[in-house]
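The next block holds one structure in the form of structure tokens; read it before the comments.
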Amino acid sequence: MGGYAGHFVTPATTVWAMRVRRPRDEVVELPEAPRSSVGAPLPRILAQEGAAVLAYLLETDDPGWDGTDVRVVTTESAEPVALVRFEACRAFSLGPPNDEAFEGHRLARHGLHPYGAFEVHRSSWIGQLEKMNRVHARHDASRFDILRHFIFTFHDSTFECAAEDLTFTVLTDTSLSAATADMLRLLETPEKLG
């Protein structure tokens, strides 16, 4: 064999031994996710081992609102609500940063921004979860390979979840408080609400 490091010559072919390094933490928007209210999405989470449901108020266009007064919404307000069920949820977080401190988020320089829904491909967070689990006697790294990293960014908080998949349901003519029973049903059964 001749050549130099990384270059091998065989009688029939030349093979380049190159390792293409793909960047970690590629942030991709989820265009199919229902858009949260910019002012007051009031996110709430209901979870149990292996599943989680996120609920938040949706952005609505009110043609009668001229922007001169403040529109106050609460968990009792009749507003459309998005329910997001995370299948095989392994970890989640709901907390900082808010929209005013968003540049402090570790993924802000990767394209993450306020008021959106995202998936992080090749997530370093999932890598950290896998590394943490390596001390387990029956550790299986492939159980982490199937996880997906989802992020929902709101006005006052950010939600992150490591799960196998997610599904969306939109409820109209309800309130966030009334949707809590629907959240519980979705948590216990993966079928969509009727």
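The values are calculated or read from the model by the stated rules, or taken from the named source; none is laboratory data. Treat the numbers as computed from the prediction; the structure is a model and nothing was measured. Reconstructed Cβ throughout: ideal geometry from the backbone, glycine too, with neighbour counts over all protein chains shown. Keep in mind that these areas ignore ligands, DNA and RNA; they rest on the heavy atoms of the full protein, side chains included. Shrake-Rupley method; radii C 1.70, N 1.55, O 1.52, S 1.80 Å.
Residue check, Ile126 against (1) in contact with a Pro (Cβ under 7 Å, 6 or more places away or on another chain); (2) open to solvent by less than 60 Å² (accessible area, probe 1.4 Å), all met but one. Which one?
With respect to (1) in contact with a Pro (Cβ under 7 Å, 6 or more places away or on another chain); (2) open to solvent by less than 60 Å² (accessible area, probe 1.4 Å), Ile126 is out only on (1).
So which residues in region 23-76 are open to solvent by less than 80 Å² (accessible area, probe 1.4 Å) and aromatic (Phe, Trp, Tyr), if there are any at all?
The answer is Tyr56, and nothing else.
Are there any pairs with C-beta distances below 7 angstrom linking a residue in region 34-60 that is under 18 Å from Asn98 (Cβ atoms) and free of Cβ contacts under 8 Å to residues at least 60 places away in the same chain to a residue that is in a strand (DSSP E or B) and basic (Lys, Arg), with the two at least 6 apart or on different chains, and if so which?
Hits for this filter: zero, empty list.
Residues are listed down the side, and each one gets a yes or a no for (1) surrounded by 14 or more Cβ atoms within 10 Å (Cβ to Cβ); (2) in contact with a helix residue (DSSP H, G or I) (Cβ under 9 Å, 6 or more places away or on another chain); (3) more than 18 Å from Gly50 (Cβ to Cβ); (4) β-branched (Val, Ile, Thr):
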site: Asp99; (1), (2), (3), (4): yes, no, yes, no
site: Gly104; (1), (2), (3), (4): no, no, yes, no
site: Ala108; (1), (2), (3), (4): yes, yes, yes, no
site: Phe118; (1), (2), (3), (4): yes, no, yes, no
site: His136; (1), (2), (3), (4): no, no, no, no
site: Ser157; (1), (2), (3), (4): yes, no, yes, no
